[in-house]
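The values are calculated or read from the model by the stated rules, or taken from the named source; none is laboratory data. Note that this is a predicted model, so its numbers are computed, not measured. When we count neighbours, we look across all protein chains shown, and the Cβ atoms used for this are built from the backbone with ideal geometry, even at glycine. Note: areas computed on protein heavy atoms with side chains; ligands, DNA, RNA excluded. Shrake-Rupley method; radii C 1.70, N 1.55, O 1.52, S 1.80 Å.
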Amino acid sequence: MDALASAGHRVEVASTFRTYDGDGDAARQLALRSQGDMLAAQLAEQYNALPAANRPQLWFTYHLYYKAPDWLGPAVARALRIPYVIAEASHAEKRAKGPWRIGHEASAAAIRQAALVFCPTREDIPGLERLIDPKRIVHLPPFLDSAPYSAAIARRGELRAALAAERELDAGVPWIAVVAMMRAGDKLASYRVLAQAMRRLDDLRWQLVIAGDGAVRPEVEKLFDGRARFLGSLPQRRIAEVLAAADICAWPAVNEAYGMALLEAEAAGVPVVSCSTRGVPDVVLDGRTGVLVPYGDEEAFAGALRALLTDHERRRALGREAARYVAAERSLEAASTRISAALSAL
């Protein structure tokens with residue numbers, strides 16, 4: 001919404017209706033579809049009752065897939081005869097006969113109707129190309145407002161000293177930062193891989209700082225045997241400050257869609273060590289803003305961390321390039337320009 005507004009558009013949240021069904025419950029999906037049909041008809045009626053100059057000129061939906069189809073946008077866009085646009089859509093034929101068949105079919109129909117689909121990760125593009133002309137797909141890598149991170153970089157020394165005093169950290173050794181939720185499944189799996197990697201580095205001096213919270217926090221804390229500082233859940237500006245005070249950001253990215261926390265670390269001038277999986281290579285540029293290792297190779301992950309922990313100058317060079325890269329190519333302003341150019345064709 002910020003990127004659209006920055007491009008000169010007036011953006012309005014049309015509805016807070018949520019269609020997510022995590023259990024594959026066909027009855028629930030049908031009930032959500034009925035609610036969606038009703039809400040879509042109401043919205044279309046309300047918009048069509050407005051003077052022509054006040055009606056929406058475009059419908060924009062963020063993130064639809066088989067568990068969360070869009071029951072509103074396609075119908076409203078058809079009723080108003082306006083373009084329908086999606087950001088972050090995915091399509092996989094393997095869901096066609098599963099418990100989310102209803103959501104799968106609805107998402108496929110919505111994608112076919114879309115005038116444009118903005119795609120944050122290249123991984124989703126092949127599936128989308130089975131439904132629509134590639135010319136209607138725009139690769140729009142993840143982006144963020146870089147201002148809070150740039151401000152934090154300017155205060156790095158001050159922030160590091162303050163955090164060291166607050167959490168009894170040794171400011172003279174490299175700090176490894178992690179920003180991630182603590183929940184069962186892929187997040188916990190990533191924490192386990194990270195803990196195993198850190199055990200391979202016991203001969204080095206380092207400090208681990210973890211920002212995040214969740215239901216499995218007790219289990220995560222046990223993984224690190226008291227060798228990590230847990231900061232809990234933090235507001236975005238504070239996360240920027242913690243990252244800027246660190247030396248490396250490390251995250252194994254088990255089944256990670258693309259890793260916004262990795263982009264945040266780069267924006268804060270911190271090199272990233274992660275795995276080359278899914279959309280992560282769209283966020284971290286191997287050898288330029290961080291180091292990517294083969295997915296699932298725990299030894300290589302630990303080795304990449306070791307190499308950066310023992311090379312101060314390389315850490316700094318990668319961090320400088322990471323901050324420059326985000327400011328130039330992955331900032332709110334850069335994304336706004338790209339989005340505006342694509343929408344202008346509609």
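List of remarks:
- Condition check for K135: in a helix (DSSP H, G or I), of a type outside the set (A, V, I, L, M) and farther than 30 Å from L346 by Cα: no
- Applying a threshold of 9 Å to beta carbon distances and a minimum spacing of six or more residues, or different chains, the list of pairs starting in segment 310-325 at a residue that is touching a residue at least 24 places away in the same chain (Cβ under 8 Å) and ending at one that is loosely packed, with under 13 Cβ neighbours inside 10 Å reads L318/G287.
- When E105 is tested against (1) at pLDDT below 95; (2) farther than 25 Å from A265 by Cβ; (3) assigned to a helix (DSSP H, G or I), just one condition goes unmet, and that condition is (1).
- Checklist (1) closer than 16 Å to L30 by Cα; (2) in contact with a Cys (Cβ under 7 Å, 6 or more places away or on another chain) applied to W100, failing item: (2)
- Candidates L243, L305, filtered to the one that is open to solvent by less than 30 Å² (accessible area, probe 1.4 Å), under 18 Å from L204 (Cβ atoms), in contact with a Phe, Trp or Tyr (Cβ under 9 Å, 6 or more places away or on another chain) and in a helix (DSSP H, G or I): L305
- Complete set of residues in segment 60-115 that are buried (at least 18 other Cβ atoms within 10 Å of the Cβ) and farther than 29 Å from D2 by Cβ: R95, W100, I102, H104, A108
- Taken residue by residue, segment 25-36 has at least one member that is touching an Asp or Glu at 6+ places or on another chain (Cβ under 6 Å), open to solvent by 30 Å² or more (accessible area, probe 1.4 Å) and free of Cβ contacts under 8 Å to residues at least 12 places away in the same chain.
- Close pairs from segment 222-235: first more than 13 Å from D202 (Cβ to Cβ) and assigned to a loop (DSSP other than H, G, I, E, B), partner acidic (D, E) and open to solvent by 20 Å² or more (accessible area, probe 1.4 Å), Cβ under 7 Å, at least 6 apart: S233/D213
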